[in-house]
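These notes concern the structure reproduced below.
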Amino acid sequence: MISDDDLLLYYYRDGLDPTARARVATALAKDPQLAQRLHRLVAQLDTAAEMPDVPVPAQIQQRWQAALATRARPRPSFRWQAIAATVALLAVLLTVWISMKPAPEQVAHDAAPAAAMADSAAYERGLRWHLANTEQRLANLDSAQPDERARLIATIIDQNRMYALAADRANEPQLARVLRAFTPILESLTDERRETSAADVAQLSFELRVMQARLKAEASPSSTAQSTAL
Amino acid sequence: MLTSLKSWVRPDSFHAVLSERSVRWYNACLRITRDPDLAADAVQEALLKAWDRRSEFRGDSELDTWIHRIALNAAIDLMRRRRPQAMEELSAELPMAANSPHTEYVQEALNRDLITAMQRLTTMERQTFVLKHIEGWRLEEIAESLQTNANNTKQALFRAVRKLRVDLHVWRGES
């Protein structure tokens, strides 16, 4: 006896193993009443599927068109925006770092040993070059091929880590921390699917602004006087 | 309408498919959700998803079919997320056939019985029936989309068919 369930699966050509399928096929070929049963079954189910289409309300159509138009509008890629934001951040970092440096006359009055001063000058020159160079490389990044882009970013990340260590040794922990904070942002530039870098960039931008504000406050006459008195 | 990969990436051809086929997508989603708002949301979600993933469209099926499938999956997903609000009546939205009074009466009666029959199905039974009998999905595909296994899907289909046959037998003269 062939069940309606088996007949149905036979009709769908889905869900029956080859043996069961062959059994139903043989039974259908031999038994016209079974074939009629299958026909009736399918006809009933087709009736159930006959629910007429309803029209789409005009405002819904308009909503879809508008949503699609908005989505299809050309816009800069996220990666491009992230690169631009990172370049801007580096420019700010460079400015902040330069303003952090003591004035030449102040350095001259310090009684630091000559060797240490030479080390410090080399570190500063190197860091200045690194920041400027990174800024320039990032600006050209979007036109690079994916492999080249990944290689460039890896190089920048390595150099950035090196200068973060150097900043630690130069007793500039704030600068070291900011340099380290660039690493995840730089890593995100190689991964188009990552969505967190916009937030990272915003956070870092905020920290740089705070650092800049502190430096300005320290450079003001009152704080200078206070600092001298101390 | 077979839209090639090259023309597909253009927004205007995308809009053209939308104008031409959206009624079909909307109604397919409506059969899954039984909720006009959810169906509209599902189509919009599918359109935007399809646009974002247009580079993945290989052109080995029609664009319409591709979006249709994304829309059905979006409808199932929306039902899963917002199910408590998803059981609104559809009767007010069903169109009347513009035929003779008798045909209108018969059509209206059939629609009414169809609605009643569909309402007696559980969500899983209805979705399985629609995806299998109307949309022609494989049982494994339905199971994956409904996050269940093929056997559960098969049983849901059998239950749906039994219920529908009881409710609709008069429309096919079965005594």
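The values are calculated or read from the model by the stated rules, or taken from the named source; none is laboratory data. None of these values were measured; they are calculated from a predicted model. Cβ sites come from the backbone with ideal geometry, for glycine too, and all protein chains shown count toward neighbours. When the accessible area is computed, the model is the full protein with side chains, heavy atoms only, and any ligands, DNA or RNA have been set aside. Shrake-Rupley method; radii C 1.70, N 1.55, O 1.52, S 1.80 Å.
Let me check something: with ligands and nucleic acids excluded, how do A:THR95, A:THR134 order by accessible area (1.4 Å probe), largest to smallest?
Working: A:THR95 80, A:THR134 5 Å².
From most accessible down to least: A:THR95, A:THR134.
Averaged across the residues of B:130-137, what count of C-beta atoms belonging to other chains lies within 10 Å of each residue's C-beta? Don't skip to the answer; put the middle values down first.
Working: counts 3, 0, 5, 8, 6, 1, 2, 2.
Mean inter-chain Cβ contacts per residue within 10 Å come to 3.
Heavy atoms of the protein only, probe of 1.4 Å, neighbouring chains included. What is the accessible area of A:ARG71 in Å², nearest 10?
The value for A:ARG71 is about 70 Å².
Sort B:ASP64, A:ASP147, A:ASP53 by heavy-atom solvent-accessible area, probe 1.4 angstrom, most to least.
A:ASP147, A:ASP53, B:ASP64
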